[in-house]
Structure formats: structure tokens, C-alpha cells
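S.K.: Here it is, the structure, as C-alpha cells.
Throughout, read-outs are computed from the coordinates displayed, never taken from laboratory work. All of these numbers come straight from a predicted model, not from anything done at the bench. Methodologically, a virtual Cβ is constructed for each residue, glycine included, from the backbone with ideal geometry; neighbour enumeration extends over all protein chains shown.
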Amino acid sequence: MAGAAADSAVMSLGSSDTDLADLDGPEDLVRRLLEVARTRTEMDMVWVSRIKGDVLSLAIVNGALGDSTILEGSTIPLKDSFCAQVIGGRIASWVPDVRALPETRDLPMAAQLGIRAFVSVPIKAATGSVIGMLTAVSTDPRDVDERTRDFLQMLADSASDLLRDVPIDGDDRRRLRDRIGRVIDHDLLTIAFQPIVDLEHRRVAGYEALSRFPGEPARPDQWFADAAAVGLGVALELHAARTAVSALANLPPDTYLSINLSPAALVSVDPSELVPADPTRLVLELTEHARVGDYEQLRHALDRFRRAGVRIAVDDAGAGFASFRHILELEPDIVKVDLAISQGIHRDPARQALVGGISELARHSGATLVAEGVEEPADLDRLATLGVSIFQGYLFGRPAPLPSNGLPEAAIPAHTIGTPAHRSRRVMESRFETAVLSAAVPTAIVDLDGTMRSVSDRFAAFLGRTTAEMTGRRFQELTHPEDLDADVEHLRACLEGRADGYRMTKRYLRPDGSPVSADLIATVVRDRDGAPLYFVSHVLPL
């Protein structure tokens, strides 16, 4: 939080003269939840924040932090907050003492507010996107643990329903509607395709369609959350779905396309608008983290698609109680294990037991099990022993646009997955990446579509950003518009085999939009057959 905000007058809702029992609006109910959260956790302060682009806005606050002042409406750079670390999976949702972890001890937020312990859990929209955080903090170390986190997550799930009814300010609402409306009206949304690999048959079984948007915010889930908040959620979802389905003819004929839709979108669309000529090639993924109010209506909507030949998937199994009820109520054809469960499963008996249960549930209901977010061979091996045979994640391929030949490929040939040669290659790639990112100059490993796979600390510092902030973003977003065409043309020459690398002077953009110049040296890394895999970029500041 900015120093000026930290020195302002305290606004402590915990000492408000308002009788909480007399409050009955959505926002007032959230305030009531925060009072319960602060009392039960014995923390000093609890707040609900909203994610707005690159900042965290404190929407509702309860309690006080000693002499520090925290006003509702105060903003914190997302990169300086605990929330960014939690969302990025770099730290757990609870930290008993922030000074005990290098990832948290130096965060400006902790130093300025004197925070020693915290618990922070996501608040999700109906689409599953993270729209904010419920955070409890203390100026002293606390014995917070998984039980504290689970209690707050239960309250956060309730808050997510209530916050959908909290109105957005008029100016913000108009700005968001204009921005989202332009994307829909001018067809600015693009689709990236991530391979879904059938390990048992050593082939790419299908692709998940993932939306990509121009400009800020960089995260697609924030676009959908913003759209839902201003009444354009269904319109944006259906626009993305139609855009994805229109590309189905360009995918290999023996693969399917999986698209994401919320219950609200599913019940509002006629199947004829989305169902392709061969309906068996389409899978609808139900994205819903909150409760479904009317399962009968949702089943009726899904039955219309089923009668047309479309398969149904339940996404993010294991992420919460809602996903288990979806499986029981909706009898999906495919169940997708949430990436938060898949990642690190080889060293976590609790996750293994959970996936074992999901696998058994899927088997009894006749559903196919897919594990999302698979990045490590050790996780792949453990998931396979638990009955999973279909996988999706960076281990197999990152989301990428359709290349010129219309055939998106897995990052590695499907028939080699799980073989000794594949394992050896992963080890070598890991060592290579570690060596590259340890270079004395700012360095990044960039995927063929421009997505920053890995970024060195020096590169991030050069742009005044964090590695977490840059990883997963496309270089196009960080390049000065006047230099972008030349950069893309050089990249295209490498992809077409006309060059193995290039050097150019270009301007990058800092978070405040100011340019910073550097010499870029980019080299394409190819496989044994000469096909490009990714770029290694070195930056020499001028």
C-alpha cells in the first residue's frame, strides 16, 4: 500500500456505530462475514479486495492494524501483495510468520503495515476466475494453518455470491462495458489451443480452447470477471465459444475441441448456435465454482446438447464441494482434475487420496478422467498410477494459436510421452533452463507465440517488474508499439527457417508505460529435425 494511504486516518469497520444485525444488503452481508472471520480467526484485520488489472483494491475492511491506517478504496500494486504470491502458487494461502519466508519478508506491504501473519484465499466468479481475495492479517505471528484457510475459503465462497450483486461505480461500469464491448463488436478476441494428450494410446486426443485478449488486463479470467460484473459475462463467453468453434475445421480430424461455458451461458444459448457438423468433436466444459441454484434447469440445457451429440465435462474437480456435486448431479462424460490438485501430487499423500477418490467416482459414473496442469514428469507418473490416462499441461504443450498450416502440435511428440527418451529430454531441458536463467545478462525463454515461459530476475528488474508478473505474458504486450512490427517480422523469419536468430534495438514498456531501450539478441532453439521449439532472448540495456 502506498505510504500516503498507510498514514491516513483509520477506517475501522469493526468499531463502526452501525448495528450489523440491521444490515441486509449484499455489501452489508459481506461486512457481516468479515466480522465473523476476524472474530473466529482472532486476527487483527480482515478485508475483501478486488483485482483490477495490476492493482488490488480494498473494497471492504474490518478491524485495525495498530497505528497503520487502511481505508476502503485504498489500492496496492498487485505485485507487492501477498495475494499475487498466493495466486501464483509461490507461497501457501497461510503464513504464520512472514519474516520466516524470503518470498514474503521483503514485500512492501508487510513492511509498511507491520504485518507478521496472514491467511489469504481467492474469491472466484461464476466462471472460476479469481476476482478478488479474502485476507486476514495480524501484526504478530499466529498459529494459522489449513483449518484457518478452509474456514476463510468457506466464507470467501459465500462472499463471491454476494459480491456479484454489489454495484460497480458508474464510471468504472461504463469504462468496462466500453472495453469489453469493443472486443466483442470488433472481434478482437483470439483463441489459443492447448493439447490434451491420451497417454495410453500415445496421441493428441483433443484441444482446449483458451481465450486471449488485447492489452490490459493481461489475465483472461479477469476479462471474464469484469464482463460478468457489468452484465456482459454471457455475451463475452458466447463470443469466445463461437470464435473457438469456427476454428474446429482446422484441427486434426481425429481430435475434439473443448470449450468453457458457465451455467448462465449454457442455459441461454441454443445448441444450433454452437454445435458443429460433427457434434462428437465438441466438448462443453462446465465452469462453475459457486453453487448452482437450479440443477434441473441446467440438466435440461445440457440434455439439449447431449441429444445433439455433444459431450459434457465438469472442470476443476477437487477444487471445491461444488465440483463433486456437479459430477453427481450432471453425470458428465469427462471429469477434469483441477491443476491445484495435479501439481505436486507426487509428494502429497492427501492429493493422491483425493485423486484416487475422484478416479473411483469417475469410473463408477462411466466418465473419462483428465488431469490438468501437469508440468512435472513425477506428477505424470503418480497420476498414471491413480488411474488417469489423459493429461493436459505445460509438460505436453502450452496454449498456442493455430500456426499457418492449421495443425497445432503438442510440445513433444505424443508417442514419446513417458518413454525413457522423453524423461531424459525433460531433465536436459530443466538443466538448460536453469543455466540460461542464471546468465549475467537479463534473459528470458519465450514460446513460439511470444509467451514468456521463464524470465530471469535480472530481466524482470530491468523492466521494473517481478518474474511472476512477466511469466505467462506475451512479449507483444511489453514491447513499444512502434517496435512491434520489426520484432514480429524477425520472429517470423526464424519460424519459417529463414534465420536462426536476430538482433535489434527495441523499446520495452515499464509498468507505468514509460519506454526503456535495449539491444535484444534472440536465438531460436530447434529439435533434432530442425523444428523450432522456443526462443532464448538476451537483453543488453542501453
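S.K.: With only Lys, Arg, Asp and Glu charged, each at its Cβ (+1 for the first two, -1 for the last two), find how big the charge dipole of the stretch 170-413 is about the Cα centre; round to the nearest 20 debye. Could the numbers behind the result be given before it?
M.R.: On the way: 25 positive and 35 negative charges, 37 e Å.
My answer is approximately 180 debye.
S.K.: Give me the number: length gained by fully extending ASP106 to ALA249, i.e. 0.36 nm times residue separation minus the C-alpha to C-alpha distance, one decimal in nm.
M.R.: On the way: separation 143, 0.36 × 143 = 51.48 nm, distance 5.07 nm.
This chain segment gains 46.4 nm when fully extended.
S.K.: Full extension from ARG242 to ALA384: what is 0.36 nm times the residue separation minus their Cα-Cα distance, to one decimal in nm?
M.R.: 47.7 nm
S.K.: For the stretch 35-101, what does the convex hull of the Cα positions come to per residue, in cubic angstrom? Can you show the working numbers first?
M.R.: Numbers: hull volume 7.0 nm³, N = 67.
Taking only Cα atoms, the stretch 35-101 has a hull volume of 105 Å³ per residue.
S.K.: Quick check: pseudo-label points 7 Å beyond the Cα along Cα→Cβ at ARG202 and HIS480, how many nm apart are they?
M.R.: Once both label points are built, they end up 5.1 nm from each other.
S.K.: Counting other C-beta atoms within 10 Å, which of CYS494, CYS83 has the fewest, and how do the rest follow? Write down the numbers at each step before the final one.
M.R.: Numbers: CYS494 19, CYS83 25.
Fewest-to-most ranking of CYS494, CYS83: CYS494, CYS83.
S.K.: List the trypsin sites (Lys or Arg not before Pro) in the stretch 476-542 that DSSP assigns to loop (not H, G, I, E or B) and whose Cβ has at most 16 other Cβ atoms within 10 Å. Which are they? Working shown, then result.
M.R.: Numbers: sites: ARG492, ARG498, ARG503, LYS506, ARG507, ARG526, ARG528; in loops: ARG498, ARG528.
Answer in residue order: ARG498, ARG528.
S.K.: A follow-up question, please. Can you give me the distance in nm between label points at LEU402 and ARG453, each placed 7 Å from the Cα along the Cα-to-Cβ direction?
M.R.: According to this spin-label approximation, the distance is 2.5 nm.
S.K.: Oh, and also: To the nearest 20 Debye, how big is the dipole of the stretch 70-161 about its Cα centre, given +1 on the beta carbon of each Lys and Arg and -1 on that of each Asp and Glu?
M.R.: Working: 9 positive and 12 negative charges, 41 e Å.
Taking the Cα centre of the stretch 70-161 as origin, the dipole is about 200 debye.
S.K.: Over the residues of the stretch 53-148, compute the C-alpha Rg and express it relative to 2.2 N^0.38 Å. Provide the component values of the computation, followed by the final result.
M.R.: On the way: Rg = 12.8 Å, N = 96, 2.2 N^0.38 = 12.5 Å.
Scaled against compact globular proteins, the figure is 1.02.
S.K.: Could you check what % of the DSSP bridge pairs in the stretch 170-413 are antiparallel, to the nearest 5?
M.R.: Working: 13 of 34 bridges.
Restricted to the stretch 170-413, the bridges split so that about 40 percent are antiparallel.
S.K.: Specify the inter-centroid distance of the stretch 223-239 and the stretch 82-159, based on alpha-carbon positions, in whole Å.
M.R.: The distance from the Cα centre of the stretch 223-239 to that of the stretch 82-159 comes to 27 Å.
S.K.: Run the numbers for HIS364 and SER517: contour at 0.36 nm per residue of separation, minus the present Cα-Cα distance, in nm. It would help to have the intermediate numbers written out before the result.
M.R.: Details: separation 153, 0.36 × 153 = 55.08 nm, distance 5.92 nm.
Here the answer is 49.2 nm.
S.K.: Taking a ≥ b ≥ c as the square roots of the Cα gyration tensor eigenvalues, with a/c under 1.5 meaning rounded and otherwise prolate when a/b beats b/c, else oblate, which class fits the stretch 439-541? Mind showing how you got there, number by number?
M.R.: On the way: a/c = 1.87, a/b = 1.46, b/c = 1.28.
Prolate, since a/c reaches 1.5 and a/b exceeds b/c.
S.K.: Determine, for TYR508, TYR295, TYR534, the number of other Cβ atoms within 10 Å of each Cβ, and report the residues in order from fewest to most.
M.R.: Working: TYR508 23, TYR295 16, TYR534 20.
By the 10 Å Cβ count, ascending, the order reads TYR295, TYR534, TYR508.
S.K.: Cross-link partners among lysines for LYS506, C-alpha distance below 27 Å, same-chain residues fewer than 8 apart left out?
M.R.: LYS79
S.K.: Taking the dipole about the Cα centre of the stretch 443-539, with the C-beta of Lys and Arg at +1 and of Asp and Glu at -1, give me whichever of ALA522, THR479, GLY450 is farthest to the positive side.
M.R.: Going by the Cα projections, it comes out as ALA522.
S.K.: Ranked by Cβ crowding within 10 angstrom, fewest neighbours first, how are GLU35, GLU489, GLU329, GLU372 ordered?
M.R.: GLU489, GLU329, GLU35, GLU372
S.K.: At 7 Å along the Cα-to-beta-carbon direction for both ARG173 and ASP529, put a label point, then send me their distance in nm to one decimal.
M.R.: Each label point lies 7 Å from its Cα, and together they span 5.5 nm.
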